[in-house]
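Participant: My questions will all concern the structure given below.
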Ligand code: UDP
Ligand code: MG
């Protein structure tokens, strides 16, 4: 088997005092491992001395690749920039604030070697604010696990390891870097988790508060929707529409029944309104489903996105 190479990917926003200690810790761990590696540091539009520190570091150590983003885009886009630039065949994102511990990297790799495609870190003893961060995160993790059907304890841990082929087609939006293991599982990857060490932040400040949990839950709805209905939106919109039309029909029968057998005038009950409402809603929803179907086809066909993913082929000629 071909030797692996690692790409460590680190998004940084105002982390000037963390860069050198983190680099030293990484050198210490990676130096003993005998595996080729690169460290990709992405400066996400920092306003402190991060850019200058990275410039010096890149001069000192040619294995450190630096990407400066024009402005602050956020952790997920910064991570994406690193992923796009990565040349290794194993990608390891981590935080740049020394809360993740480089010493955990060999354990992630050992799990990959067992045949997994994605290994996710699990901060068993998380060192963040108990009420503002740890509790909402526990709730969010529970909800994500239930809704996605991919059971991990800690989606939000940045420290993970991916085989390159799993991650190269994934596009990340919003807070979605935490959902990569979910996408990956849906695409047939083998995913597992290992406990990792988590340290309290020493230098700099956290960029997040409790509002992050809400954004994560909203993103989850999008992810779930895309997976379940992106290929067949008509099943969602049309299903709702049919139920609505059916309710309209039942109400219509009830209205007739009351008129004929109870001698109630049509306008004596709100039923005509209810019938019209449900009927309209039902038809609108079915039409919306049809429009979504057209959008979905445009999406797949304009980008030549297949509706399936091939793992391996045998005796097939490659098309490229
Ligand atoms: N980060 C970033 N861009 C941002 C916010 C954060 O690149 O807009 C980086 C940050 O520098 C750190 C990582 O993302 O390396 C995690 O951020 P933070 O430590 O603030 O999050 P927490 O650990 O509190 O969840
Ligand atoms: Mg942190």
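Readers should treat all values here as calculations from the given coordinates under stated rules, not as data from a laboratory. Keep in mind it's a predicted model, so treat the numbers as computed, not measured. When we count neighbours, we look across all protein chains shown, and the Cβ atoms used for this are built from the backbone with ideal geometry, even at glycine.
Participant: Please give the direction-averaged projected area of the C-alpha convex hull for the range 37-194, in square nanometres with one decimal.
Facilitator: For the Cα atoms of the range 37-194, the hull's average projected area reads 9.7 nm².
Participant: OK, next. Compute the Cα gyration tensor for the chain, then decide on rounded, prolate or oblate, letting a ≥ b ≥ c be the square roots of its eigenvalues: rounded whenever a/c is under 1.5, prolate when a/b is larger than b/c in the other cases, and oblate in all that remain.
Facilitator: Prolate, because a/c is 1.5 or more and a/b exceeds b/c.
Participant: Where does each of 80-87, 30-37, 261-268 land if you order them by average Cβ count within 10 Å, highest first?
Facilitator: Going by the mean number of other Cβ atoms within 10 Å, highest first, we get 80-87, 30-37, 261-268.
Participant: For the chain, modelled as a Gaussian network with Cα springs under 10 Å, which listed residue fluctuates most, 79, 296, 251?
Facilitator: 251
Participant: Order these peptides, 38-50, 146-158, by their mean beta-carbon neighbour count within 10 angstrom, highest first.
Facilitator: The most tightly packed comes first, giving 38-50, 146-158.
Participant: Between residue 142 and residue 231, what is the label-point separation in nm under the 7 Å Cα-to-beta-carbon projection?
Facilitator: 3.3 nm
Participant: Given the Cα-Cα distance of residue 273 and residue 20 and 0.36 nm per residue of separation, how much length would full extension add, in nm?
Facilitator: 84.2 nm
Participant: Continuing with the same structure: Length gain on complete extension for the stretch residue 132 to residue 187, per 0.36 nm per residue less the alpha carbon to alpha carbon distance?
Facilitator: Value of the extension gain: 16.4 nm.
Participant: Restricting to bridges with both residues inside the chain, how much of the DSSP beta-bridge set is antiparallel, in percent to the nearest 5?
Facilitator: 20 percent
Participant: Along the Cα-to-Cβ line of residue 101, 7 Å from the Cα, sits a label point; which residues in the range 12-52 have backbone N less than 16 Å from it?
Facilitator: Those under the cut-off are 22, 25-30.
Participant: Extending each Cα 7 Å along its Cβ direction at residue 284 and residue 153, get the distance between those two points in nm, one decimal.
Facilitator: Going from the residue 284 label point to the residue 153 one covers 4.7 nm.
Participant: Using only helices, what value at 222 nm comes out for the chain when you add -39,500 (n - 2.57) per DSSP H run of length 4 or more and divide by the total residues, to the nearest 500 deg cm²/dmol?
Facilitator: It comes out at -15500 deg cm²/dmol, rounded to the nearest 500.
Participant: Of the peptides 222-229, 96-103, how do they stack up when ordered by the mean number of other Cβ atoms within 10 Å, highest first?
Facilitator: 96-103, 222-229
Participant: Rounded to whole Å, give me the distance from the Cα center of the range 256-276 to that of the range 51-93.
Facilitator: Spelled out, the Cα-based centre of one part sits 68 Å from the other.
Participant: Could I ask something else about it? Assign one of three labels to the range 180-320, namely rounded, prolate or oblate, based on the Cα gyration tensor with a ≥ b ≥ c the square roots of its eigenvalues; rounded applies when a/c is under 1.5, prolate when it is not and a/b is larger than b/c, and oblate otherwise.
Facilitator: oblate
Participant: Still on this structure, I have one more. Just the projected area, averaged over all directions, of the convex hull on the alpha carbon atoms of the range 141-205: how many nm²?
Facilitator: 5.7 nm²
Participant: So, R0 is 30 Å and r is the distance between the beta-carbons of residue 301 and residue 208; what FRET efficiency does that work out to, to 0.05?
Facilitator: Calculated value: 0.20.
Participant: Now a separate question. Can you classify the range 58-134 as rounded, prolate or oblate using the Cα gyration tensor, where a ≥ b ≥ c are the square roots of its eigenvalues, rounded means a/c under 1.5, and otherwise it's prolate if a/b beats b/c and oblate if not?
Facilitator: Oblate shape, in that a/c is at least 1.5 and b/c is the bigger or equal ratio.
Participant: Label 7 Å along Cα→Cβ of residue 4; the range 142-172 residues with amide nitrogen under 18 Å?
Facilitator: 158-168
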